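The values are calculated or read from the model by the stated rules, or taken from the named source; none is laboratory data. Predicted model only: the values in this text are computed from it and were never measured. Note: ideal-geometry Cβ built from the backbone for every residue, glycine included; neighbour counts use all protein chains shown. Remember, those area values only see protein heavy atoms, side chains included, never the ligands or the DNA or RNA. Shrake-Rupley method; radii C 1.70, N 1.55, O 1.52, S 1.80 Å.
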Amino acid sequence: MAHADALLTMQDQEGALRYPFAYRYYATKQMLEPGWVSGMAQGQAISVWVRAYKLTDDERYAAAAARALKFMKKPVEEGGTWASLKAISPRLAALGIPDEYPNQPSTYTLNGALFAMLGLYDLSVTAPEATTRQDAQRMLDNSLEAMNHLLPLYDIGGFTSYDLAHITLKLEGPHVAPRYHAAHIYLLHALYEATGKGSLKLYETRWSSYVK
């Protein structure tokens, strides 16, 4: 509850939780200046506030989660965290995911998007207002459809890439890390259990088979 309350003090009037420090993003080598936002942070804060609301029925938490959702769906081009798949293909421009490191073009960091999608699921089944539940469900459905197109791209044969910077920014090779391969598997499992989306189970099983 202390963390839930602390997060309330960190949210601005737009609904954003802004980082107060600069961060050098590895893919672009550029500094994200203080005040930058992350779709992953928005989604995880939603998950915290959903749980606080369920424990207390305190409307402050439900309202904060709704504000965070509203900001999350603001396009990256407008200073928000919602990244269209247009960097993958113009025909996929209507689909998108919450972006962990808002950038143009997006690098589509996988663990960040999946964590944020869990926040969308949490809000879609918990928000007291029907409009908020429906908005969260629409964003979740859109992201799940986006993942149908993205998940094959993270599979680099025996392992997974952290993001798609090697595609959208044309870096020399994919960024990989063992702990993130494990996180991808666990996050796909959690989202499959929540949504029943078969493509998530397919890649959870495939990527688990890469672990000896």
Looking for something small (Gly, Ala, Ser), surrounded by fewer than 19 Cβ atoms within 10 Å (Cβ to Cβ) and in a loop (DSSP other than H, G, I, E, B) - is there at least one such residue anywhere in segment 1-16? no
State the number of residues belonging to segment 171-192 that are within 15 Å of residue 153 (Cα to Cα), without any contact (Cβ under 8 Å) to a residue 40 or more places away in the chain and surrounded by fewer than 17 Cβ atoms within 10 Å (Cβ to Cβ). 2
Which fully enclosed helices (runs of 4 or more DSSP H) of segment 137-212 have 3 or more residues being touching an Asp or Glu at 6+ places or on another chain (Cβ under 7 Å)? 178-195
Output for segment 23-45, where each listed residue is among the hydrophobic types (A, V, I, L, M, F, W, C) and either assigned to a helix (DSSP H, G or I) or more than 20 Å from the chain's Cα centre (by Cα) (or both): 31, 40, 41, 45
From the set of residues in segment 103-124 that are under 10 Å from the mean Cα position of the chain (by Cα) and more than 15 Å from residue 145 (Cβ to Cβ), which is most open to solvent (accessible area, probe 1.4 Å)? 115
Positions within segment 46-102 being open to solvent by 60 Å² or more (accessible area, probe 1.4 Å), out of contact with any Gly (no Cβ under 8 Å at 6 or more places or on another chain) and farther than 21 Å from residue 5 by Cβ, in sequence order: 77, 78, 86, 90, 91, 94
Hits in segment 24-45 - residues which are among the polar types (S, T, N, Q) and open to solvent by 10 Å² or more (accessible area, probe 1.4 Å): 28, 30, 44
Filter result for residue 52 (of a type in the set (A, V, I, L, M, F, W, C) and either assigned to a loop (DSSP other than H, G, I, E, B) or in contact (Cβ under 8 Å) with a residue 60 or more places away in the chain (or both)): no
